[in-house]
Each structure stands twice: as C-alpha cells, then as structure tokens.
Amino acid sequence: MRIILLGPPGAGKGTQAVRLVERLGTPQLSTGDMLRAAVAAGTPVGLKAKAVMDRGELVSDDIVVGIIADRIEEQDAKSGFILDGFPRTVAQAEAFDQMLADKGLKLDAVIEFKVNETELVERIVKRAQETEARGEPVRKDDNPEVFKTRLDAYRNQTAPLSAYYERTGMLKTVDGMKPIDDVTQAIREILGR
Ligand code: AMP
C-alpha cells in the first residue's frame, strides 16, 4: 500500500508509521529522518539543509522531492511505502503525483491526524524530556521556540494539503489526540487491514 501520513509535528505520525511498518511490511519513508542522516553524514544536501532545519523552517521542495524520487526507486519501496513528513507543500504534492503517474502507480490513502495545537507543545516538551532521560541526544528543533516555527510552517505551507487531497477523494482523518492504540485502530479501519 502507498500511504501518506499528514499532520503537524508531534501529531504521532512517526509512532503510527512504525506500527504500520510492522503490520504491512512496507518501509516508512521519513524525509525528516533522511535529512537528519544527511546532516549527520555531512553530505551536500545535509550541509544545505542543516540551518533551515535548526530554525524549524522547510527545506526546499527541490531537495526533498529529489530525495523521495530516489528513495521510492529502491527495492524495498517497490511494493509500497508509508510517507511520514512528505509531502509538506502543495508543490511537493504535485511533484509527487506526477512521479506516481509517470510510474503508473496510485496512492491508497492520505491519513490526516487532527490535533489540538496547545497540547502539541506540551507533547513536544515531554518528548524532549523523555529523550534526555534516556540519555539520548535531543533533536535541536524539539524545543518550544523552534516548535512554534515548525507549527507555523505547518499551518501556512502544509495544511493546504488537506484540501488538495480532499479534492482527489484520498483524504481520511483520525483524531490524533486519542490514545496511541485508538489511533492505530482507527487507521486499521480506514485501510481495511
Ligand atoms: P520532521 O522530522 O518530519 O519533523 O522534519 C524535521 C525537519 O526536516 C523539518 O522541520 C524540515 O526542516 C525538514 N523537512 C522534513 N521533511 C520535509 C519536507 N517534506 N519538506 C521540507 N522540509 C522538510
């Protein structure tokens, strides 16, 4: 299956993506993870993306569209994938539609996580504290200041995607404020598996 998970940072897309990977056996394609890996490896893409990511703004469409175009060509993604954090702009969605059309492929669902933004800020603070308590490095953009910029980017650049996918009849929504297992169940019902 080819699935897009849509929702603001901290909505639980990553958590549900991991569960979908287990259930469907298709890979999670997280542009955030791929970009962080590029930053850590010091690749040309990583060098370009680092400052933008640290500020909580969006990396250019060209960069992420290129990353995804390469990634979906890999063997493990041939039978499907779960997109987590891509597309994030209408231009990315259009480029992605074109990519799929060129390959004769179709999306199965776009699942939007509806959330309460005030609670999201609390979630992100908690996520940073828990990561720190485990002795793991905390993401530089997981702090309330940068988080506000990330939410603004979502509101201004990504939220229009729900209307975009509604028009294509692809959009399904889940309540992202529900307990993790309930959200998993809601997604299961949407996908019918
Ligand atoms: P995430 O892990 O999905 O929260 O992404 C972390 C950061 O990576 C974002 O705040 C952006 O700077 C960048 N990023 C990830 N995915 C995209 C995308 N599809 N378009 C633009 N920037 C992205």
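The values are calculated or read from the model by the stated rules, or taken from the named source; none is laboratory data. Worth saying up front: this structure is predicted, and the values here are computed from it rather than measured. Virtual Cβ from ideal backbone geometry, glycine too; neighbours counted across all protein chains shown. Note: areas computed on protein heavy atoms with side chains; ligands, DNA, RNA excluded. Shrake-Rupley method; radii C 1.70, N 1.55, O 1.52, S 1.80 Å.
Starting from the Cα-Cα distance between GLN75 and ALA91, subtract it from 0.36 nm times their residue separation and give me the gain in nm to one decimal.
Working: separation 16, 0.36 × 16 = 5.76 nm, distance 2.60 nm.
Extra length from GLN75 to ALA91 when fully extended: 3.2 nm.
GLU117 label point, 7 Å along Cα→Cβ, cut-off 20 Å on backbone N: hits in region 10-54?
10-13
When 1/r is averaged over all different Cα pairs and the result inverted, which Kirkwood radius in Å belongs to region 62-142?
Details: mean 1/r = 0.0648 Å⁻¹.
Averaging 1/r across every pair of different Cα atoms and inverting gives 15.4 Å.
Shape of the chain from its Cα gyration tensor (a ≥ b ≥ c, root eigenvalues): rounded if a/c is under 1.5, otherwise prolate when a/b > b/c, or oblate? All intermediate terms of the calculation are to be shown ahead of the outcome.
Details: a/c = 1.44, a/b = 1.13, b/c = 1.27.
Taking the square roots of the gyration eigenvalues as a ≥ b ≥ c, the chain is rounded.
Between THR149 and THR43, what length in nm is gained on full extension when 0.36 nm per residue of separation is reduced by their alpha carbon distance? If you can, show how the numbers build up before the last one.
Working: separation 106, 0.36 × 106 = 38.16 nm, distance 2.50 nm.
Using 0.36 nm per residue and subtracting the Cα-Cα distance, I get 35.7 nm.
Can you tell me the length gained on complete extension of the stretch GLU136 to THR15, counting 0.36 nm per residue apart and subtracting the Cα distance?
On the way: separation 121, 0.36 × 121 = 43.56 nm, distance 1.75 nm.
Computed gain between GLU136 and THR15 is 41.8 nm.
Normalised radius of gyration for region 15-110, please: alpha carbon Rg relative to 2.2 N^0.38 Å, two decimal places. Working shown, then result.
On the way: Rg = 13.5 Å, N = 96, 2.2 N^0.38 = 12.5 Å.
Against the empirical 2.2 N^0.38 Å value, I get 1.09 for region 15-110.
Cα-Cα over 20 Å: which of LYS78/LYS172; LYS114/LYS178; LYS13/LYS114; LYS50/LYS148; LYS50/LYS140? Don't skip to the answer; put the middle values down first.
Details: LYS78/LYS172 24 Å; LYS114/LYS178 10 Å; LYS13/LYS114 11 Å; LYS50/LYS148 18 Å; LYS50/LYS140 10 Å.
Checking Cα-Cα distances, LYS78/LYS172 exceed 20 Å.
Need one number: convex hull volume per residue for region 108-193, Cα atoms only, in Å³.
120 Å³
Carbon and sulfur together cover what percent of the accessible area of the chain at a 1.4 Å probe radius? If you can, show how the numbers build up before the last one.
On the way: 5010 of 9910 Å².
Reported share for carbon and sulfur atoms: 51 percent.
Size of the dipole of the chain about the Cα centre, Lys and Arg at +1 and Asp and Glu at -1 on the beta carbon, nothing else charged, in debye to 20? Spell out each step's value before the answer.
On the way: 28 positive and 31 negative charges, 32 e Å.
The calculation lands at about 160 debye.
Could you tell me the relative contact order of region 42-163? Use alpha-carbon pairs under 8 Å, at least six residues apart, and round to a whole percent. Intermediate results must be reported in sequence, preceding the final value.
Details: 69 pairs, mean separation 45.6, N = 122.
It rounds to 37 percent for region 42-163.
Need the C-alpha centroid separation for region 107-179 versus region 47-64, integer Å.
Between the Cα centres of region 107-179 and region 47-64 lies a distance of 17 Å.
At 1.4 Å probe size, what's the solvent-accessible area of THR168? Round to the nearest 10 Å².
The accessible area comes out at roughly 80 Å².
Rolling a 1.4 Å sphere over the protein heavy atoms, what is the accessible area per residue of the chain, to the nearest Å²?
On the way: 9910 Å² over 193 residues.
I get 51 Å² per residue for the chain.
Got a sec to turn the phi values of region 52-69 into Karplus ³J(HN,Hα) couplings, 6.51 cos²θ - 1.76 cosθ + 1.60 with θ = phi - 60°, whole Hz, x for Gly and Pro?
Once θ is set to phi - 60°, the couplings for region 52-69 become 4, 5, 4, 7, x, 8, 8, 5, 5, 4, 4, 5, 6, 5, x, 4, 5, 4 Hz.
For a label point 7 angstrom out from the Cα of MET99 toward its Cβ, which stretches of region 1-29 have the backbone nitrogen within less than 18 Å?
What the label zone holds, given the 18 Å backbone N cut-off, is 1-7, 26-29.
Using the Karplus curve 6.51 cos²θ - 1.76 cosθ + 1.60 with θ = phi - 60°, work out ³J(HN,Hα) for each residue of region 183-193 in order, rounded to whole Hz, and write x for Gly and Pro.
Residue by residue, region 183-193 yields 5, 4, 5, 4, 5, 4, 5, 4, 7, x, 6 Hz.
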